[in-house]
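Let me begin by presenting the structure, written as structure tokens, before commenting on it.
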Amino acid sequence: MRDTYLQERQIDLREFRQVIDRRKWLLILPLFLITAISYAGSYLMSPRYESSAVILTSQSSLVSGELARVIPGEFGDNYRKSDRQVNREMNETRGLVTSGAHLGKLISRLGLDGNPEILQNAVEMRTHVPDVPARELAYRALIEDLRKNIGVSFISENMIRITAEHQDPVMARDLAQTIAEVYVDEKLQADLLAVRRNLEFSNTQAQIYKKELREKEEELAEFKRDYQKLTIDRGLTTQDNLKDIESELDRIKLVDKVEANDRLNFLEDQMTSRGIDPADIRTPPELDVKRRILMDRTTNLAELMEKYTWRDPKVNMQRRTIDASIDSIAYMIDSVAAQKYDGLSEENLELISDYILTEIQLDYYIHKQNRLERSKENIKASFSTGPDAEMQLAALEKEVERAKAWYDNFLENYTGSQLAMEVYREEAENRYKIIEPAFVPISAFYPDRLKITLMGLALGLLLGAGAVILAEVTDNSVRKIETVEGHLGIRVLGTVPKIEFKSGTIRSGKKVAADKKTIGSES
């Protein structure tokens, strides 16, 4: 029975109208009151005004089709921006307009940094950061405030709208117009600087590759001369040269070096038997110069034998100079040994001098063998240098062509950059143009009274509906016979209608009983 009572206690959809009629003031009062407060409160808000300027960016209209092929960059023939490039430029534009550099120029042109209110706020902020000057704090705060109140949007790919907000309509116009002018000026300077840098880069690279081209051409010419000389010399180089060198090598290996080693061993034994330690014998430093001359002449002899036979006068002359060097060394050894080992017998001095000379001769044979071995390899290699030289010649010619291609490319780019700079200067006024200047706004965009009023209306309706629901939930009045029967568990036999008296409506049961007694006594 209790569950039935609770189910019947719920509000039926058909009773909504009765509830609204009964609680209409709870719904109407918040609705009108909050709406009126919202509308009136909108007049207490500080109005804000918005102004905007539109900038048109256009490509060159002064460049012909053939000239566009020469000029690099966006002047080039069939130049089209990709979607990714367009999006990147849009993001760059937003960043540029609200950058510190652009906003700093805006502040300078409008003299915004002299506002005493901003300076006063900066002085108060300086209590938290005493190390930062007040003027710098004011500048930072002004930059951040401008960044919040300046927006950038794109009408199309090449049309930019710059919007500024401010409490003063004239200042809103000035902000939008000035930042647009700053953007146009800075963009023109940046583009012109980019062209100038491209011009300088192309000129520098052209000079570098011009120098490289000259060096490659000189290297090629020198190689051709050497190649021709090699071809001529190759005709003089015969098998006789190779045989002479091999014969001389065999004599050094089988005779000269063996005899020198045997002579050293014999001399060591003789000196040891006479009480002289061979390890104490050192080649005097005075012989270094003559020894070096001997080795150099041996090297020259080996080089001559690559081109001339053993019986050639040039080779014979070089051999005689080598023999003269050896005789000069032998004479100097006798003189130095007599001074250094003064006090020894003549026989011991002769042994020491002979030992030092034999050591030098052995070094001479070893050096001569090494140089002749190298000359032998050079002669053998000269017979197969033809294909390698031709390949090297072809490689050098390709390097010259590559250097020339790079030089021509940068030279053409340099010429195009010069033309691009001239085009920029000619059409500077039309490349970035403010096609829609900022105007002083007539009405404020904030506060939006219609929007605020509608929000107040919705809030009042919501609060009124909540008040009606709360009143119905907390109201325990019995309004239906079924509710009484469900609550008491007995049937209702009849109902007494609402009785109106002059003094008012009878509501409490106690007063009704008193009124019934009065009615009975009167009857």
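Would you calculate the separation in nanometres between label points at VAL132 and THR495, each defined as 7 Å from the Cα along the Cα-to-beta-carbon direction?
Reported label-point gap for VAL132 and THR495 is 7.6 nm.
Pull out a ≥ b ≥ c, the square roots of the eigenvalues of the alpha-carbon gyration tensor of the stretch 292-367, then state rounded if a/c is under 1.5, prolate if not and a/b is larger than b/c, and oblate in the remaining case.
Prolate, since a/c reaches 1.5 and a/b exceeds b/c.
Beyond a 24 Å Cα-Cα separation, which of these cross-linked pairs lie in this structure: LYS290/LYS376; LYS290/LYS340; LYS224/LYS380; LYS24/LYS480; LYS224/LYS398; LYS314/LYS376?
Numbers: LYS290/LYS376 27 Å; LYS290/LYS340 18 Å; LYS224/LYS380 22 Å; LYS24/LYS480 21 Å; LYS224/LYS398 14 Å; LYS314/LYS376 18 Å.
Check vs 24 Å cut-off fails for LYS290/LYS376.
To the nearest 0.05, how large is the calculated FRET efficiency for ALA394 and ASN203 if R₀ is 22 Å and r is the Cβ-Cβ distance?
Taking R0 as 22 Å, the efficiency between ALA394 and ASN203 is 0.10.
Grab the beta carbon distance between GLU377 and GLU347, set R0 = 41 Å, and tell me the FRET efficiency rounded to 0.05. All intermediate terms of the calculation are to be shown ahead of the outcome.
Working: r = 45 Å, r/R0 = 1.11.
Once the sixth-power term is evaluated, E becomes 0.35.
First measure r as the distance between the Cβ atoms of ASP113 and LEU461, then evaluate 1/(1 + (r/R0)^6) with R0 = 41 Å and state the FRET efficiency to the nearest 0.05. Intermediate results must be reported in sequence, preceding the final value.
Values: r = 49 Å, r/R0 = 1.19.
Result of the calculation: an efficiency of 0.25.
Treat each spin label as a single point 7 Å out from the Cα along the C-beta direction, and report the TYR39 to PHE154 distance in nm.
The answer from the label model is 4.4 nm.
With no solvent and one point per C-alpha, what does the Debye sum give as log10 I(q)/I(0) for the stretch 233-395 at q = 0.12, 0.20 Å⁻¹?
Results for the stretch 233-395 at q = 0.12, 0.20 Å⁻¹ read -0.63, -1.23.
Under a plain spin-label model, where a point goes 7 Å from the Cα along Cα-to-Cβ, how far apart in nm are ASP168 and ASN91?
With each label placed 7 Å out from Cα toward Cβ, I get 3.7 nm.
Any read-out appearing in this document is the output of simple, stated calculations on the displayed coordinates, not a laboratory observation. Quick caveat: nothing in here was measured; it's all calculated off a predicted structure. A quick note on method: Cβ atoms are made from the backbone with ideal geometry, for glycine too, and the neighbour counts reach across all protein chains shown.
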